[in-house]
Structure formats: C-alpha cells, structure tokens
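Encoded as structure tokens, the structure appears first; notes follow it.
The values are calculated or read from the model by the stated rules, or taken from the named source; none is laboratory data. This is a predicted model, so every value here is computed, not measured. Cβ atoms come from the backbone with ideal geometry, glycine included; neighbour counts cover every protein chain shown.
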Amino acid sequence: MRNCVLVFAGTDPSGGAGIAADIGAIAALGAHALPVITALTVQDNDRVYEVLPVDADVVLRQARAVAAACRIAAVKIGIPGSAANAAAIAGLITGLRAQDAALPVVLDPVLASGHGDTLTPGDAVAALAPLLPLATVVTPNGPEAAALTRGHAADAQALRALGCEHVLVTGGHEDGDEIVNRWFGPATERNWQWPRLDGAFHGSGCTLAAAIAALLAQRIPIAQALARAQSYTYRALEASFAIAPGQRIPLR
C-alpha cells in the first residue's frame, strides 16, 4: 500500500500549479495524493484572473470521505480559498492528530501568484493564522515570510514563534546568480545554494511543498526530506517545458 498525502489546494486549468502540481510531485516521489479541492480558479500559466472558493462544508466532506477510507500519512496545504476553509482544515487536522500525534503537515503559504494576483479573498495572511501553529514545515518565499510575520523576510524565527516547527524560506525572489534556501528548525539552521535558472516557472512552490509532504509521509527524516525535495524540484525546473508564452511548467 502506498502512503497517502491528504492535499488541500485549488485547481489550475493550465495544469501547472495547485492540485495538478501536487499530484504529479507526490506521485513522482513515491506517495499517493488524496486531492481535496478548496477553490476553482480562472488562470493560465502566467496570470490568475479569478478565484472561486469551494464551500467549507464541501471541503470537509471531501476530506472526511477519504480520511475515513485511507490512512493519512501526511497533509499538504496550498491555498485554502477562504478563511472559513482554513478554519475547517485546521479543525480536521486537529482531529487527525488525535489519532496520529506525529502526523506531518506541510503548509505552502501562497499569498499571491508570481505576478501578484491575489489567491485568497480578503486578508490572506489572517486566513492562514489557524494553520500556522499546526504546520510541521512551512515553505514561504521571502515576500511571503515578510507578510506572515508583518516584518522582515529573513525573520523566520518569528514564524516559528507562531507555532511552525520548521521553516524553509526559499530565495527565488532575491537577486544574484544563486538561490539560497534557508531552513530554521529547533536548534537548527542550514542553507542550501542552487544555481539560478533562466526563466520563470509555474507551480515551483507547490512542487517543493508537495515533494516534502510525500517524503515525510514515508517517514523520511526532516533534514533528508528537505534536501531531497529541493533537489527534485530543481531537476523539475531544469527540465521544464513551455505550453505558451510566459511561465514554464516544471517536468514533475
């Protein structure tokens, strides 16, 4: 039996980000995604034009159906779609943790698309508040980390103070020929450097967070999971392909 990752994310008609990215990355790394749709989106590989949240009760019904039938080995959260959905997901995870206190939860705190298009109506930072204390790993880029802490992108310890056990701040938005990803955990700090690739990529953050969740679902130790997930994501971006002008699609 494959280890199952319960995934909360939105759809993407371009097939490059959101639930499509999660399913591909999780399968590639040896686990199976249980995709729960939190929002329908109107977007292409470059821009997001509209986000239509799924009703919180429908989100819960989707999740409860698969959780009743399958053993959940990890949870991966992308856009919740709404504050109500985030609260519902938090309640569900609390229930799952009552059965498995060590259940890994990976939160990709997506606040906007690469072009700055909003992905969660209202205050996206406030919507994520109930999920942060439940996160085993949170994977913000620099601007997301700054927004979540209402401060500086490098202040990952402020995110840990909100309850996140491990924080991996990705450096793709910084300048320079290398991308530096910074891991902050209990009594642990470590950096990884990756040569910057040309171009822009659709769903890179989704891919990384999903890959981490797939590895944690298989009880890979956290340091190894973070390193392997980054290596996998880098290879996926390096082999990316075009479907239209604009952002490229990672080959997952």
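Mind listing just one residue for me: the one in the stretch 153-166 that is surrounded by fewer than 24 Cβ atoms within 10 Å (Cβ to Cβ) and in contact with a Gly (Cβ under 9 Å, 6 or more places away or on another chain) and, of those, modelled with the highest pLDDT?
E165
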**Selected residue (criterion: modelled with the highest pLDDT) from residues of the stretch 126-152 that are in contact with a Pro (Cβ under 7 Å, 6 or more places away or on another chain) and part of a helix (DSSP H, G or I)** = L128
**Request:** Name, by its number, the condition in (1) farther than 28 Å from Q218 by Cα; (2) in contact (Cβ under 8 Å) with a residue 60 or more places away in the chain that does not hold for G18.
**Result:** (1)
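Conditions (1) over 23 Å from L29 (Cα atoms); (2) of a type in the set (S, T, Y); (3) surrounded by 18 or more Cβ atoms within 10 Å (Cβ to Cβ), marked per residue:
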residue: W183; (1), (2), (3): no, no, yes
residue: P195; (1), (2), (3): no, no, no
residue: G199; (1), (2), (3): yes, no, no
residue: I222; (1), (2), (3): no, no, yes
residue: S231; (1), (2), (3): no, yes, no
**Message:** Just to verify a result, which residue in the stretch 226-252, among those that are touching a Phe, Trp or Tyr at 6+ places or on another chain (Cβ under 7 Å) and either of a type in the set (D, E, K, R) or without any contact (Cβ under 8 Å) to a residue 24 or more places away in the chain (or both), is farthest from W192 (Cα to Cα)?
**Reply:** R248
**Request:** Would you check which residues across the stretch 1-15 are of a type in the set (D, E, K, R) and touching a residue at least 40 places away in the same chain (Cβ under 8 Å) and list them?
**Result:** D12
**Prompt:** Just checking, how many residues over the stretch 183-225 are in contact (Cβ under 8 Å) with a residue 60 or more places away in the chain, of a type outside the set (S, T, Y) and farther than 21 Å from A101 by Cα?
**Reply:** 7
